[in-house]
Amino acid sequence: MRLSQLFTKTTRNVPADETAKNAQLLIRAGFIHKEMAGVYAYLPLGLRVLENIKQIVREEMDAIGGQELIMTSLQRKELWETTDRWDDKQVDVWFKSQLKNGTAVGLAWSHEEPITAMMKNYLSSYRDLPAYAYQFQTKLRNELRAKSGIMRGREFVMKDLYSYSRSEAEHQKFYDAVTAAYMKVFKRVGLGDSTFFTLASGGAFTQFSHEFQTVSEAGEDTIYLNKAKKIAINKEVLSDEVLKQLAVKRDELEEVEAAEVGNIFNFGTSKSEQLGLYFTDEDGKQQPVVLGSYGIGITRLAGVIAEHFADDKGLVWPEAVAPAKVYLARLGNDAKVVKQADDLYERLTAGGVQVLYDDRDARPGEKFADADLLGIPYRLVISDKTVAGDHYELKARTEDTARQVSQGELLKTLAVKA
């Protein structure tokens, strides 16, 4: 990707009503465009980040047996009435509309009901179970407040997975597998040391749930941590009963602010009984299927990563999710400089390295500032000096100074394929 061909530009201006650091930086860097409060468009560089996060999540979900699909965003009123979750008193984030014929529909805020009803077509015997289906899909929630940038949107991308098991024991085994897979995801995106498995309220889902909370001053939740025992409790469920259940004392817990990046729910057999999803067991008896629901907010996770790693110069993307690995800055239009930069761009991309090539006719200071703002892991400079010295100028985004490297050192550092 050449910056001269990219329609987005960096800017110093952000909407006056945008107070969240993650959104301010992402807007300034040209990753997102704010449509309205809690609603954002994801521009080419922002989309690359989302796709990188999705791929990491996809790999971990596939590894535990997940099968990817995509459901519709339009949902039938009668399904949700069956489970008593259509009423706004039960679920207060619905966006609702109606078809031309007057039929009421909901715009997806979650998918337990529709996917469970669908599974009645495919799951009828113990031989069909367990089954695990997941999707990446846009969810719509009519949040009262949307002031945390892309960390809490009215429209957002979620990975939601649903498990269908024959027994509580089989369900628990998969529940634990998802827990481990989620921690792998957060480790791969750079948040492993700051993210904790947290007991929380089930809200409109169940009595209790488990969240994955990343310690962050920008977070909207308060959690209580005991790092030694690897225990975390959301403030909303902190009680003497919960403390006793977890065998921990209040004075052993540290209070911190955190941002939720994932959650998992155990519905037991309630949804299956309400919607009529049963299977025939080995003895020929009808049994309700055990349901689990597991979510990771993809756009929310991008916002948390932006908040977590940013510095006073701009974004700092971990390599695994960055829109490119290298920001190649060409300084000047001398023929030798242009040729070396173009040749290196081709060599790196052919070797499997994602490169953002700054081939614009702009001052060095402007290019360096943009490189910092965009947060690409490595800045690589080609100039009269580097051409004359037969070397390259390489600087990691997290380092203060650049270093001179040979072509061999460069290719090794960037892990360029032969």
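Some notes on this structure:
- Any hit, the stretch 57-77, residues being of a type in the set (S, T, N, Q), over 20 Å from the mean Cα position of the chain (by Cα) and more than 25 Å from G38 (Cβ to Cβ): no
- The numbered conditions (1) among the small types (G, A, S); (2) more than 19 Å from L140 (Cβ to Cβ); (3) assigned to a loop (DSSP other than H, G, I, E, B) are all true for S110 except (2).
- Some residue of the stretch 87-106 being free of Cβ contacts under 8 Å to residues at least 24 places away in the same chain, surrounded by fewer than 17 Cβ atoms within 10 Å (Cβ to Cβ) and under 30 Å from A177 (Cβ atoms): no
- The one condition in (1) at pLDDT 95 or above; (2) farther than 17 Å from R48 by Cα that I305 fails to fulfil: (2)
- Entry remark, the stretch 346-366: residues being in contact with a Leu (Cβ under 7 Å, 6 or more places away or on another chain) and under 14 Å from S4 (Cα atoms) number 6 in total.
- The set of residues in the stretch 1-24 being within 17 Å of A146 (Cα to Cα) and either touching a residue at least 24 places away in the same chain (Cβ under 8 Å) or within 17 Å of the chain's Cα centre (by Cα) (or both) consists of E18, T19, A20, K21, N22, A23, Q24.
- Within the stretch 11-61, being touching a Phe, Trp or Tyr at 6+ places or on another chain (Cβ under 8 Å), part of a loop (DSSP other than H, G, I, E, B) and crowded, with 21+ Cβ neighbours inside 10 Å holds for one residue alone: F31.
- Residue match in the stretch 99-107 (condition: assigned to a helix (DSSP H, G or I) and modelled with pLDDT of 95 or more): no
- Every condition in (1) buried (at least 20 other Cβ atoms within 10 Å of the Cβ); (2) more than 17 Å from D160 (Cβ to Cβ); (3) at pLDDT 95 or above is met by K77 except one, and the failing one is (1).
The values are calculated or read from the model by the stated rules, or taken from the named source; none is laboratory data. As the structure is a prediction and not an experimental result, all values here were calculated from the model. Cβ coordinates were reconstructed from backbone atoms using ideal geometry, including for glycine residues, and neighbour counts include every protein chain displayed.
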